[in-house]
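Here is the structure we will look at.
The values are calculated or read from the model by the stated rules, or taken from the named source; none is laboratory data. Source: prediction; values computed, not measured. We place every Cβ from the backbone using ideal geometry, glycine too, and count neighbours over all the protein chains shown.
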Amino acid sequence: MSYLPLFIETTGKKCLIVGGGKVASRKLIPILKAKMKVTLISPEVIEEIELNFQKNKNLKIIKRKFEPEDIEGQFLIIAATNEKTTNQKIAKLSKDNNILVNMAEDSLSGNTLIPSVVDRDPIKIAVSSGAASPILTRLVKTKLETVIPYSFSKLADIMMEYRDIVKKNFLKISDRRRFWEVFLDGPVSEMVLSGHIDKAKKALDESLKENKFLEKTGEVYLVGAGPGDPELLSFKALRLMQKADIVIYDRLVSRPIMNLIRQDAEKIYVGKQRADHAMPQENINQLLARLALEGKKVLRLKGGDPFIFGRGGEEIESLIKDDIPFQIVPGITAASGCASYAGIPLTHRDYSQACIFVTGHLRDGTVNLNWEMLAHEKQTLIFYMGMHGSKIICEELIKHGLSDETPAALIVKGTTEDQEVIIGNLKNMPEIIMDRKIVPPTLLIIGDVVKLHNKLKWFNPFHLGNKNLHI
């Protein structure tokens, strides 16, 4: 069979649904969303329908069996009973009377398919497999949902609002096309997507007032890449990674994540290691500003979250000073991601009622911290960049009151295929680190929640199987 994808105005049109079970309930959702007047006929109706739709003024429920006269005046009929003969009877009556009919459990017997919809109203994308495979349809819809921003509808609203003005200012179709292409590809559209509608309208108004095209100005995307597993990236992070002209990235950004960047984008490494900075922070700040002022879309990609020991604040301050548009996309910070993959909850009613993120490497190179505040039971301590200062950290915590038997976990390359979890305590962890050739990145977790690792561990890296080290 052949089907024509067609969008039809349905507000106020009549729809009959015959059936009161789960299938009927599922069909009700898109039908009512399309603002149709629905009559549902069934001797019995499941509680889900009663509860979810009882306050909807466009739904009328009649508890009896279907009768042929029920089709009168209907625009669309959906046969969703559990009786095959009844459904076939409804289909024949509908077709004989030139009424659209959808067969819920036997699509080919009807003449209308109800597609899966990616809804970014007024933008709607309908997906259908021609009744071949609902599972395949759902898979395609899911993939589309991940790449189309939820706020995409705002772009359509803005374009509709300004359509006549743009048409008046640019008489040639080619000029109008160019105007909207620059709008969609530049920072003004990103203003819309990030909720800065007034700012976007101001830019459009200024451009149209002077009867000129929008300028191709640059922008910086400060994006958190998470701890390493590419599947932990947010939808927004992935979209901007595919949009950037130039990528400035850190040492902690994993190779699988780098592989997701647009292939033709220029890549600049500015990673930092202990006592080895590929580029000083001040130079990175200047580089971001310079590239954006040249009109480039610049992706600043950082491991973890840019605002948790990521110096994101310093970089944004320099952009604000030069009035450069930017966006910040948070990432899953190492503490959350690595602890989860190690089966160590950061808080737990029986073990920890507080969680403190601490840098183990201060700006002056010391580990001079507020030890009295940190050395308390019933709380979890997470040390970023704490491996090299682990001896001082453990000694000071013991000195200020924690037991030397307090559990500690060192997570190496967390959430990746190379993850290792090394379990010890405050007394022996420095020695463990010294004896083993451990390559960063690492995360040090201290507290009784570490005891739960054996019970809750679930992630088994391919290279280790289940061989996490316990001392």
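Sort out which residues of the range 134-179 are among the charged types (D, E, K, R) and either within 25 Å of Arg239 (Cα to Cα) or in contact with a helix residue (DSSP H, G or I) (Cβ under 8 Å, 6 or more places away or on another chain) (or both), and write them in order of number. Reasoning before the result, please.
In the first step, residues of the range 134-179 are kept if they are among the charged types (D, E, K, R); the result is 138, 141, 143, 145, 154, 157, 161, 163-164, 167-168, 172, 175-178.
Within the range 134-179, Arg138, Lys141, Lys143, Glu145, Lys154, Asp157, Lys167, Arg176, Arg177, Arg178 qualify.
Kindly indicate the residue of the range 40-55 that is buried (at least 18 other Cβ atoms within 10 Å of the Cβ) and modelled with pLDDT of 90 or more and also farthest from Arg120 (Cα to Cα) among those meeting that condition.
If we take residues in the range 40-55 being buried (at least 18 other Cβ atoms within 10 Å of the Cβ) and modelled with pLDDT of 90 or more, then Ser42 is farthest from Arg120 (Cα to Cα).
Among the residues of the range 309-346 satisfying the criterion of being β-branched (Val, Ile, Thr), touching a helix residue (DSSP H, G or I) at 6+ places or on another chain (Cβ under 9 Å) and assigned to a loop (DSSP other than H, G, I, E, B), which is farthest from Glu231 (Cα to Cα)?
Step one: of the range 309-346, the residues β-branched (Val, Ile, Thr) are 316, 320, 324, 328-329, 332-333, 344.
Narrowing further to those that are touching a helix residue (DSSP H, G or I) at 6+ places or on another chain (Cβ under 9 Å): 324, 328-329, 332, 344.
Applying the additional criterion that residues be assigned to a loop (DSSP other than H, G, I, E, B) yields 324, 332, 344.
Numbers: Ile324: 30, Ile332: 11, Ile344: 20 Å.
The extreme case among them is Ile324.
For (1) loosely packed, with under 14 Cβ neighbours inside 10 Å; (2) of a type outside the set (Lys, Arg); (3) free of Cβ contacts under 8 Å to residues at least 24 places away in the same chain, each residue gets a yes or a no:
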{"position": "Lys202", "(1), (2), (3)": "yes, no, yes"}
{"position": "Leu222", "(1), (2), (3)": "no, yes, no"}
{"position": "Leu233", "(1), (2), (3)": "no, yes, no"}
{"position": "Asp245", "(1), (2), (3)": "no, yes, no"}
{"position": "Asp250", "(1), (2), (3)": "no, yes, no"}
{"position": "Ile257", "(1), (2), (3)": "no, yes, no"}
{"position": "Pro280", "(1), (2), (3)": "yes, yes, yes"}
{"position": "Leu287", "(1), (2), (3)": "no, yes, no"}
{"position": "Lys297", "(1), (2), (3)": "no, no, no"}
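Could you grab me the full set of residues in the range 440-470 that are part of a loop (DSSP other than H, G, I, E, B), modelled with pLDDT under 90 and in contact with an Asp or Glu (Cβ under 9 Å, 6 or more places away or on another chain)? Steps first, please.
At the first step, the residues of the range 440-470 found to be part of a loop (DSSP other than H, G, I, E, B) are 440-441, 447, 457-468.
Checking the rest, the ones that are also modelled with pLDDT under 90 come to 440, 460-468.
Of everything in the range 440-470, those that are part of a loop (DSSP other than H, G, I, E, B), modelled with pLDDT under 90 and in contact with an Asp or Glu (Cβ under 9 Å, 6 or more places away or on another chain) turn out to be Pro461, Phe462, His463, Leu464, Lys467, Asn468.
With respect to Ile78, determine if the residue is touching a residue at least 12 places away in the same chain (Cβ under 8 Å), more than 24 Å from Pro5 (Cβ to Cβ) and hydrophobic (A, V, I, L, M, F, W, C). Talk me through it step by step, then tell me what you get.
Working: touching a residue at least 12 places away in the same chain (Cβ under 8 Å): yes; more than 24 Å from Pro5 (Cβ to Cβ): no; hydrophobic (A, V, I, L, M, F, W, C): yes.
The answer is no for Ile78.
Which of (1) among the aliphatic types (A, V, I, L, M); (2) in contact with a helix residue (DSSP H, G or I) (Cβ under 8 Å, 6 or more places away or on another chain); (3) farther than 30 Å from Ile90 by Cβ is the odd one out, the single condition Val117 does not satisfy?
That leaves (3) as the condition not met.
Go through the residues of the range 372-382 one by one and say whether even a single one is part of a loop (DSSP other than H, G, I, E, B), outside the structural domain of Gln263 (by TED's automatic domain parsing) and in contact with a Gly (Cβ under 7 Å, 6 or more places away or on another chain).
Going through the range 372-382, the residues part of a loop (DSSP other than H, G, I, E, B) turn out to be 375-379.
So of that shortlist, the ones also outside the structural domain of Gln263 (by TED's automatic domain parsing) come out as 375-379.
Adding the requirement that they be in contact with a Gly (Cβ under 7 Å, 6 or more places away or on another chain) leaves 375, 379.
The answer is yes; a qualifying residue exists.
Within the group Leu260, Leu238, Leu287, which residue is part of a loop (DSSP other than H, G, I, E, B) and either of a type outside the set (Asp, Glu) or closer than 30 Å to Asn169 by Cβ (or both)? Reasoning before the result, please.
Values: Leu238 fails: part of a loop (DSSP other than H, G, I, E, B); Leu287 fails: part of a loop (DSSP other than H, G, I, E, B).
Sole residue among the options that is part of a loop (DSSP other than H, G, I, E, B) and either of a type outside the set (Asp, Glu) or closer than 30 Å to Asn169 by Cβ (or both): Leu260.
Can you tell me which residue among Glu48, Glu105 is part of a helix (DSSP H, G or I) and in contact with a helix residue (DSSP H, G or I) (Cβ under 9 Å, 6 or more places away or on another chain)? Steps first, please.
Details: Glu105 fails: part of a helix (DSSP H, G or I).
So the residue among Glu48, Glu105 that is part of a helix (DSSP H, G or I) and in contact with a helix residue (DSSP H, G or I) (Cβ under 9 Å, 6 or more places away or on another chain) is Glu48.
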